[in-house]
1. How big is the gap, in Å, between the Cα center of the range A:1-39 and the Cα center of the range B:70-92?
2. Which of B:19, B:92, B:78 moves the most in a Gaussian network model of chain B with Cα springs under 10 Å?
3. Can you tell me the FRET efficiency between residue A:61 and residue B:24 if r is taken as the Cβ-Cβ distance and R0 is 22 Å, rounded to the nearest 0.05?
4. Quote the charge dipole size of chain A about the Cα centre in Debye, to the nearest 20; the model charges only the Cβ of Lys and Arg (+1) and of Asp and Glu (-1).
5. Per-residue mean of other chain beta-carbon atoms within 10 angstrom of the beta-carbon, peptide B:25-31?
6. Kindly write out, for the range B:103-112 in residue order, the coupling ³J(HN,Hα) from the Karplus curve 6.51 cos²θ - 1.76 cosθ + 1.60 (θ = phi - 60°), rounded to whole Hz, with x marking Gly and Pro.
7. Just how large is the dipole of chain B about the Cα centre, in debye to the nearest 20, putting +1 at every Lys and Arg Cβ and -1 at every Asp and Glu Cβ?
8. So if each residue of separation counts as 0.36 nm, and I subtract the Cα-Cα distance between residue A:2 and residue A:26, what length gain in nm does that give?
Amino acid sequence: AQKITQTQPGMFVQEKEAVTLDCTYDTSDPSYGLFWYKQPSSGEMIFLIYQGSYDQQNATEGRYSLNFQKARKSANLVISASQLGDSAMYFCAMSGMDSSYKLIFGSGTRLLVRP
Amino acid sequence: SAVISQKPSRDICQRGTSLTIQCQVDSQVTMMFWYRQQPGQSLTLIATANQGSEATYESGFVIDKFPISRPNLTFSTLTVSNMSPEDSSIYLCSVEAGSSYNEQFFGPGTRLTVL
């Protein structure tokens, strides 16, 4: 069975600094995808970044990058130059590359950016 | 990316009643998903809804409690039946993006409080 673990319930970061949010996963599937979503207090889920299990390079999207270490089964999100608007819940998720498209979510990390 | 709307955005209901949540997408999609997010928790998949077939429910969720309709490729409803305070949650619909890596786009969610 697939499992996602986020061990940091809460994180603080100073504005303009970088922060790393941890995510480890467990799966027996050889092919899978890893996602990060942001959930502001409004409740919507905002897709941030994706990493495929066969991708050779770490994914990047603007200020977001994914530090993918396949052997360690980790997919940490790095946010550079934090902004006050980055304060939110962040969820790591995984899906298998079958036709079900199911997403399994971690427990989330609440990030607070300090001015 | 798909634009997804949900109605209602929030509601307060009495125990024993039912609420139907609507999810509308601005483009045709094959797969739609319904998630529940209990207070302070992560997202849990309730069911997958494909047009023209019965919804597929995840373990712990049953059709009698969460009947789902999918009359066409842009619309779905989730009903929360015979509600109890434990059903107080955010309910989110999502759709598969149609890309090669199973990305899902989420609606804004429906905040349900059951008294």
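Values in this text are rule-based calculations from the coordinates and carry no lab data. Keep in mind that this is a model prediction, so the values were computed, not measured. We place every Cβ from the backbone using ideal geometry, glycine too, and count neighbours over all the protein chains shown.
1. 28 Å
2. Comparing B:19, B:92, B:78 in a Gaussian network model of chain B, the most mobile one is B:19.
3. 0.20
4. 180 debye
5. 1
6. Per residue, the Karplus-derived 3J(HN,Hα) values read 4, 10, 9, 10, x, x, x, 10, 8, 10 Hz.
7. Dipole of chain B, to the nearest 20 debye: 280 debye.
8. Full extension of this stretch gives 8.1 nm more.
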